[in-house]
Amino acid sequence: MKSKWKTLLLVFAFVCLLGLIDAKEAKAASPYLIKINKQQCVVTIYKKDKAGKYTKPVKAMLCSPGSATPLGTFPLKEKIRWHTLDGPCYGQYCSRIVGGVLFHSVWYYQPQPSTLSCTQYNNLGSRVSHGCVRLCVRDAKWIYD
């Protein structure tokens, strides 16, 4: 049985390399699509409908992106509970978008909830980051979960 699956995976990989199947479409798709509006500083979460299309907005979040926030479509893979950011400062509930760019909470002076930067919290809704997408803790955790 294991050799059968190995053979199927090898055939699938070969077909993807030939370009006959788009590997993105062949993967199991997420029930959610996250869109970032860098101009309006809003993250909108869409849920897949019965037809398999992402048409139903289910959540909107105020954010602080930056001019270096990349454009494109990226799967979220790595999740980090507390992460050192530039500064040094710390972000909570980090989800990697691409490279060093993350969704994360507004920053903290130490990896402790009591050290949240009130100034950075008040910047939500403005383009102030170096590329990451800053969110309130509740919204960063929603994406993280």
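Got a sec? What order do V101, V137 fall in by accessible area at 1.4 Å, biggest, i.e. largest, first?
On the way: V101 25, V137 45 Å².
Descending order: V137, V101.
Whole-Hz ³J(HN,Hα) for each residue in the range 37-47, computed from phi via Karplus 6.51 cos²θ - 1.76 cosθ + 1.60 with θ = phi - 60°, x for glycine and proline: what do you get?
With coefficients 6.51, -1.76 and 1.60, one gets 9, 5, 6, 8, 6, 9, 9, 10, 9, 10, 10 Hz.
Ordering L85, L76 by how much accessible area each has at a 1.4 Å probe, largest first, what is the list? It would help to have the intermediate numbers written out before the result.
Details: L85 25, L76 65 Å².
So the residues, ranked largest to smallest area, are L76, L85.
Over the heavy atoms of Y144, what accessible area does a 1.4 Å probe trace out, to the nearest 10 Å²?
Using a 1.4 Å probe on the heavy atoms, I get roughly 50 Å².
Around L102, which amide H atoms from residues at least 5 apart in sequence, or from another chain, sit under 5 Å from its own amide H, with H modelled in the peptide plane?
Answer set, sorted by chain and number: I97, C132, V133.
At 1.4 Å probe radius, can you tell me the per residue accessible area of the range 47-145 in Å²?
Numbers: 5730 Å² over 99 residues.
Each residue of the range 47-145 exposes 58 Å² on average to a 1.4 Å probe.
The values are calculated or read from the model by the stated rules, or taken from the named source; none is laboratory data. Given the structure is predicted, the values throughout are model-derived calculations rather than measurements. To get the accessible areas, we keep the full protein, side chains included, count just its heavy atoms, and leave off ligands, DNA and RNA. Shrake-Rupley method; radii C 1.70, N 1.55, O 1.52, S 1.80 Å.
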